Structures are given as structure tokens and as C-alpha cells.
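Okay, so here's the structure we're looking at.
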Amino acid sequence: MINGKAATLCWSETKPLPIDALTEAAMRLPEPFAVIDDHDRIVFANLAFRAAYCVNEGARMTDIETHRVSAETEFRMSGLSFGRRLVTREIKAGEDLRERVDALTGLPNRLVLREALERMLADPQACNESALLLLDLDRFKFVNDTLGHPIGDKLLCRVVDRIRKVLRDGDLLVRLGGDEFAILHASQKQPESARAIAQRIVDLVGRSYLIDDHLVTIGTSIGIATTLFGGSDADRLIKSADLALYGAKEAGRGQFRFFEQEMDDRAQARRTLEQDMRRALALRQFSLHYQPQADIADKTILGFEALLRWKHPTLGMISPAAFIPVAEETGLIVQIGEWVLRAACHEAARWPEDITIAVNLSPVQIAHHGLIDVVTSALANAGISPGRLELEITETVLLQDTNSTLDTLHRLRALGVRIAMDDFGTGYSSLSYLRAFPFDKVKIDQSFIREMSTDKEAAAIVRAVIGLGISLGISMTAEGVETEEQLQGLRNEGCTELQGFLISRPIPSADVAEFLSRN
Amino acid sequence: MQRIVYASRNLMEGSEEEKLQGVQQILAAARRNNTAAGVTGALIFNSGGFAQVLEGSSHELAEIFERIQCDSRHTDVLVLDHCSISERIFPDWSMGFIGTNTGDELMFGAITQDSGFDVSRLAADEILAAMQRLVLEEENL
Ligand SMILES: Cc1cc2nc3c(=O)[nH]c(=O)nc-3n(C[C@H](O)[C@H](O)[C@H](O)COP(=O)(O)O)c2cc1C
């Protein structure tokens, strides 16, 4: 029944199909294989067949819908009948159709999408009528991690079933990998039609699933590009849809966005900034300034916090608030952060032994596996004792993958390094963070210090946090202290250290020695 | 065995008559499919939304729930409760419908005094209790 050269049709006399092992084997057979009933309907199509069919007709994969129904009819097609010409195709010698099909969902893959895009782009009318949608599942990784891959796999198949319900003849649904999908959607009414299906998919995929006794809820974000705005070659179109997807996720997920030129501009600006940062790193355009930290009792200088400065050759000083997020996004923060650590430790080696150096760590650095080695070697190269280095992290660090984060923090502590919680009060300010890890220090965010004298609530929070620090035996640093009055108030509450203009602005490294001798 | 309780927002449009017809269609499909799958439960409806209890063995329940989830006649499905059970509350109803003999307000009057007409704001046990009571009342009419 199976012909090696051509796609094979089997005409059954509506005999029950063998189930399970045999069906499964037929499903994965490299030859295109289909069973067609007396009414010309496909009652079974294996993966290779689906790929071949899809290749042949450009984009009709989605109307082959299979359901497990019963032992008698293992697969039922969606009731559409296909002309016979669709299902016969010469298969080229040596062509392996398994390369075109995703084994889990039976969907065609990236390769097929690319061919379909090329075909579409060669046809002006198809171009005008097509929209490319890229989908990403929100929280899928969480489901996989917490409930396991078997549930994750079942969930993916359910998601595919739901998406198919929304699509029509002529739409191509592709699994790009992981929890990423693409749809090439054709309609004479674009972009309204793309909008409508995106809306329905967001709704349907976002409804709860009942899988193996687990109630699971995920969402989906969708980016849409049309040739009219999104570009006229396959790469650009995919990139535009991807930028739109990024926009949808940034806007809070569970929604769709069309590509806008502005997104491209912003991406362009980000890329330029990234390149400039790479250059800055190589050309040593970054520098560190040092802000003193003092004992609240007598203003003795205890240490300095290293603060990153960037003097761009044409744009001048660029605020860390403008470039750090991009550095974090691109991962460049790992290299920049390493430079900061080494430079700061090196600087501290020139100071008196009892003066500490504080360095900020980004969540991205904490998640990076090389951190422990970098810290160890920065200390060794500079020849300073680990107890002089204080690493400042923000609360957001504790929001990510908590177990491995805590593990990293403990290993840092084991080196003898001190760990401080930075900007306390700005994020979630969960007091549970203070119990999750034995911090050596908590730094109260400057916004509270600034408002302390005018805002009763801010004052109450400062008092509470200091009280908590005292009872947990953690030293408390007030950031952004500008007046003697603030200092008095903080001292009365029991705060131990301060940092801010009252002591000094951040100063360049050349001025540190003089500053220390003056104080 | 498991039970699931949810509330959802109605998307069917048209006159009261047409909506009730829509509900009748849902009920017919439900009774047909649920009987075959050994799933039981109850459904309440008003012009704003649905609330439904489904009970059955986990595979069949999941199958039916998935169909319902994909139905475009409603949206904003909010699962209020999902738990394992040893006994059914509605053993004899492939899909009991509350409201055939009562008007809209009456139908929900009993359980919407505190929460307006927003079924989704009701707790699962309130819905269950109200359903049980209403089912009994209907049987006695
Ligand atoms: C609020 C609501 C509740 C429903 N409850 C059920 C149900 O309990 N059982 C069921 O099979 N279908 C139920 N349906 C209908 C299904 O969504 C679907 O239309 C039906 O199962 C299709 O059945 P059929 O293929 O046999 O026509 C419900 C639909 C809605 C909107």
C-alpha cells in the first residue's frame, strides 16, 4: 500500500483502523500516508503526509484536524473534503519530510514557514492579503518547571487545538520551537482579519485548561506584521512581527500588537546604544566615581560606593538609568559589571585597610554562572581582603529563580564578602526578603529620607525599617541624606550609617586620597 | 472523581427568546454528551452570564470542560473551584438547568442579593448551595 515514490492513498472500506502501536507507527512513517474514506474524506494522515500536503498547497495544514474519537475511528478529520489532486505529490528522492514537521504537535516547522513566506512574497496579491503573526506563550516555562514536561507537552497540544479552531482554510500554523508559534494568515480584509483572529486566540488560549487533574492557566502574546508596513522580504517581515511581539510582552503580555515603525526606531536606537557600549568598554570610556559612606555617630568615613559614569564621545555624559537597562537586556552588563568589580577593587587597594568598597550587582550578573569566579579573581588580583568588599543587590534579584539566587548569595558570603540590600522600600519591600537571606546591611532608599520630614507615612516607614534592622542585627544605611536635620532624626531612630550630599557627592578616584586625609 | 465550578460571561445576543433558545441548544448538547461521558452537574443562566457545576471522572470531565472552554458563546470563564470529590452533589442530572420555570430575577434573585448580577463575584460554595436549593424548588414545582 505504501509507495516509496509518490504520496500514497489508501481507500479503505471504512474498516476500523488498527489502533495504538500501528497508528503511532504509521503516524511517524517517513512516507506520506493517508487513508481516505468512501466520501473522499481523509480519515487519517500521518505527519509526513501533512507536511507534504502543506508544502504542496502552500498553507493548508491547519484544516487537517485530528481528534481521538474512539477505537473505531482513531482519527476524524474536520469534515472538509479534499480534492484528490491535493494529496498526490511526487516526493523527491532523498527528501526527508520529517525535517519539516514538529514531532510533538504534528505542525510544520520553521522551514515550511520560510518557504510559504517566500511563495507569498513572490505573489503581489497574496502579499496584500497576508499577515504574519508570531505567538509566544506566557508562563509556559513556569508550567513546565512546576508540573513537568509531560503536562507541558499535553498543554502545547491543547493550545494548538485551540488555535486551530480560530484559523481557516489557507492559514498556515507553524511551531517555531518551544512555546513559539507562527501563523501566516490570509484574508482579503487585512488588517481587520488579523486583528480579529489575534483577539480570539488571545481569548481562547488564555482560558484555563484541565490537564491530568491540574487546572492550568497560561496566556499568549502576539506580534503582527503585514507586508504593507512590516517589510517586503521574509527576514524583515519576521523581524517586524518579532518587534511587535516584544511590544506586546512589554505592554504586559496577554495581548497583541501590530508592528509600528516606531518599534523599529526604538530597536535601532537600542542597537546603536549597545554598539556604543561595547566600544566604550574597549576604549575605556567608562569610569567610576566614589560616594563616601559614613558612621552616623561621628561622620567617620567607613567606605565608598562605586558608581558607574559614562562619557560618550559625542553625546556627553549618559545617565546609568539610560544605558543600564539596555546593558541588562543585551547581557552586556555581565562584562561591564566585571570591569566595575575589578576597577573598584583595584582602587580600594590604594586606600587604607579599614575603608570598604561597595559595588552594585545587577540581577543579570547574579544569574550569570561566572560571577563567583569573577569576584574571587577581582579580590585576588587587587590583593584586598574579601571583608572589604560589599556587594549591593536590589529586591528584584530575589524575585528571580529564588533557589539558585540564594545559593549564589550564600556562596558569595562564603568568600567573606558582605551582601547589602539596596534601595529598600522602592520595590515590593517584602520583609520576607530580609528573612530569606542574612543581609549584612540594608540601605533605605533616598525617596523615604527625602520625604521623612514632610510625610508622616515616610517617617513611619523609616522608623519601622530601622527598628527591624536593629532587631535583626543588620546595620542600616540611609541613602540620600542632605541635611543635619535628617541626620539627627535618623540617628535618634538608631540608624547606623549614612550616605548623601551631607557627607559628599560622588567624587572621582583622583580625589579620594585627598578627601580621606581631609576627613 | 472531580468537580469544577465556574462562572462565565454570556456572549449570545438577541432577544430573551433567542437567548433562551441558545441555552436550550447548549443544554441539549450537554445532556447528550454528558450522559455518554458520565458527567453530571447543573447550569444557571441569566442574561449576563452562566454558572456551571460539572462532576465526573477526571478524563471525561477534562474533555467536556475543554469543549466548553472553546465555546464562543461565552467568555471570561472564571474557575471558582476545582477539587477531588468522593460523592456527587448532582448524581441524577446530566445537566440540570435552573431557570426554566423562573424569570431572570427569580433565577438569580436568591443568590445575587449581595453581589448584584455579577455571578463571577460569587463564591463557589454559595453557587453550589443556591443551585441545590433551586434544583429542589424546580423539582417541586
Ligand atoms: C455555558 C456553557 C455550558 C456548556 N456546558 C456543556 C456541557 O456540560 N456539556 C457539553 O457537552 N457541552 C456543553 N456546552 C456546549 C459545548 O461548548 C459544545 O458546544 C458542545 O459540547 C458541542 O457538542 P456537539 O459537538 O455534540 O454538538 C456548554 C456551552 C456553554 C456556553
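The values are calculated or read from the model by the stated rules, or taken from the named source; none is laboratory data. Worth saying up front: this structure is predicted, and the values here are computed from it rather than measured. Don't worry about glycine lacking a Cβ; one is built from the backbone with ideal geometry, like all the others, and counts go over all protein chains shown.
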**Request:** May I ask you to list the residues in region B:17-41 that are more than 8 Å from the ligand (Cβ to nearest atom) and within 14 Å of chain A (Cβ to nearest Cβ)?
**Result:** B:36
**Prompt:** Regarding residue A:253, is this residue at pLDDT 90 or above, among the basic types (Lys, Arg) and closer than 17 Å to residue A:180 by Cβ?
**Reply:** no
**Request:** Within region A:139-149, work out how many residues are surrounded by fewer than 20 Cβ atoms within 10 Å (Cβ to Cβ), touching a residue at least 24 places away in the same chain (Cβ under 8 Å) and not basic (Lys, Arg).
**Result:** 1
**Item:** Residue that is farther than 28 Å from residue A:479 by Cα, out of contact with any helix residue (DSSP H, G or I) (no Cβ under 6 Å at 6 or more places or on another chain) and not hydroxyl-bearing (Ser, Thr, Tyr), where the choices are A:307, A:302, A:273, A:283
**Value:** A:283
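Determine which member of the set A:326, A:334 is touching a Lys or Arg at 6+ places or on another chain (Cβ under 6 Å), more than 22 Å from residue A:515 (Cα to Cα) and outside any loop (DSSP other than H, G, I, E, B).
Numbers: A:334 fails: touching a Lys or Arg at 6+ places or on another chain (Cβ under 6 Å).
Testing whether each residue is touching a Lys or Arg at 6+ places or on another chain (Cβ under 6 Å), more than 22 Å from residue A:515 (Cα to Cα) and outside any loop (DSSP other than H, G, I, E, B) leaves just A:326.
When region B:42-59 is examined, which residues are found to be more than 10 Å from the ligand (Cβ to nearest atom) and over 18 Å from residue B:13 (Cα atoms)? Outline the logic, then answer.
Just the residues of region B:42-59 that are more than 10 Å from the ligand (Cβ to nearest atom), to begin with: B:46-48, B:55, B:57-59.
Once the filter is applied, which keeps residues that are more than 10 Å from the ligand (Cβ to nearest atom) and over 18 Å from residue B:13 (Cα atoms), region B:42-59 yields B:55, B:57, B:58, B:59.
When you scan region A:125-146, how many residues do you find that are closer than 21 Å to residue A:221 by Cβ and part of a helix (DSSP H, G or I)?
To start, the set of residues in region A:125-146 that are closer than 21 Å to residue A:221 by Cβ comprises A:130-146.
Now narrow it down to the ones that are part of a helix (DSSP H, G or I): A:140-146.
Selection size over region A:125-146: 7.
For region B:53-66, which positions are of a type in the set (Ser, Thr, Tyr) and either within 9 Å of another protein chain (Cβ to nearest Cβ) or part of a helix (DSSP H, G or I) (or both)?
Going through region B:53-66, the residues of a type in the set (Ser, Thr, Tyr) turn out to be B:57-58.
Matches in region B:53-66: B:58 only.
Taking the conditions exactly as written (touching a residue at least 40 places away in the same chain (Cβ under 8 Å), away from chain B (no Cβ under 14 Å), outside any strand (DSSP E or B) and more than 21 Å from residue A:250 (Cα to Cα)), does residue A:188 satisfy them or not?
Working: touching a residue at least 40 places away in the same chain (Cβ under 8 Å): yes; away from chain B (no Cβ under 14 Å): yes; outside any strand (DSSP E or B): yes; more than 21 Å from residue A:250 (Cα to Cα): yes.
For residue A:188, the condition - touching a residue at least 40 places away in the same chain (Cβ under 8 Å), away from chain B (no Cβ under 14 Å), outside any strand (DSSP E or B) and more than 21 Å from residue A:250 (Cα to Cα) - is met.
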**Item:** In region A:191-207, the residues that are in contact (Cβ under 8 Å) with a residue 24 or more places away in the chain and not charged (D, E, K, R)
**Value:** A:191, A:193, A:194, A:197, A:198, A:199, A:201, A:202, A:204, A:205, A:206
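Yes/no matrix, rows are residues, columns are (1) touching a helix residue (DSSP H, G or I) at 6+ places or on another chain (Cβ under 8 Å); (2) farther than 30 Å from residue A:146 by Cα:
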| site | (1), (2) |
| --- | --- |
| A:409 | yes, no |
| A:437 | yes, no |
| A:454 | no, yes |
| A:458 | yes, yes |
| A:474 | yes, yes |
| A:490 | yes, yes |
| A:495 | yes, yes |
| A:505 | no, yes |
| A:508 | no, yes |
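Looking at region B:98-109, is at least one residue within 8 Å of the ligand (Cβ to nearest atom) and either away from chain A (no Cβ under 14 Å) or at pLDDT 90 or above (or both)? Explain how you work it out, then say what you get.
So the first thing to find is which residues in region B:98-109 are within 8 Å of the ligand (Cβ to nearest atom), and the list is none.
There is no residue in region B:98-109 that is within 8 Å of the ligand (Cβ to nearest atom) and either away from chain A (no Cβ under 14 Å) or at pLDDT 90 or above (or both).
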**Complete:** Given (1) under 22 Å from residue A:102 (Cβ atoms); (2) touching a Gly at 6+ places or on another chain (Cβ under 9 Å); (3) more than 14 Å from chain B (Cβ to nearest Cβ), residue A:235 misses just (2)
**Asked** Any residue at all in region B:40-58 that is closer than 27 Å to residue A:164 by Cβ, surrounded by fewer than 19 Cβ atoms within 10 Å (Cβ to Cβ), of a type in the set (Ser, Thr, Tyr) and touching a Lys or Arg at 6+ places or on another chain (Cβ under 9 Å)?
**Response** no
**Prompt:** Between residues in region A:224-235 that are without any contact (Cβ under 8 Å) to a residue 60 or more places away in the chain and residues that are surrounded by fewer than 16 Cβ atoms within 10 Å (Cβ to Cβ) and hydrophobic (A, V, I, L, M, F, W, C), which pairs lie under 9 Å by C-beta distance while being six or more apart or on different chains?
**Reply:** none
**Item:** Subset tally (residues that are near the ligand (Cβ under 9 Å from one of its atoms), surrounded by 17 or more Cβ atoms within 10 Å (Cβ to Cβ) and at the interface with chain A (Cβ under 9 Å from one of its Cβ atoms)) for region B:67-87
**Value:** 2
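Going residue by residue through region B:89-96, is there one that turns out to be within 14 Å of chain A (Cβ to nearest Cβ), under 11 Å from the mean Cα position of the chain (by Cα), buried (at least 16 other Cβ atoms within 10 Å of the Cβ) and of a type outside the set (S, T, N, Q)? Reasoning before the result, please.
So in region B:89-96, the residues within 14 Å of chain A (Cβ to nearest Cβ) come out as none.
No: zero hits.
Return the residues of region A:191-228 that are away from chain B (no Cβ under 14 Å) and under 26 Å from the mean Cα position of the chain (by Cα); say none if nothing qualifies. So that I can check it myself, show each step before the final result.
Start the filter on region A:191-228 by keeping residues that are away from chain B (no Cβ under 14 Å), which leaves A:191-195, A:198, A:220-228.
Listed by number, the residues that qualify are A:194, A:195, A:198, A:220, A:221, A:222, A:223, A:224, A:225, A:226.
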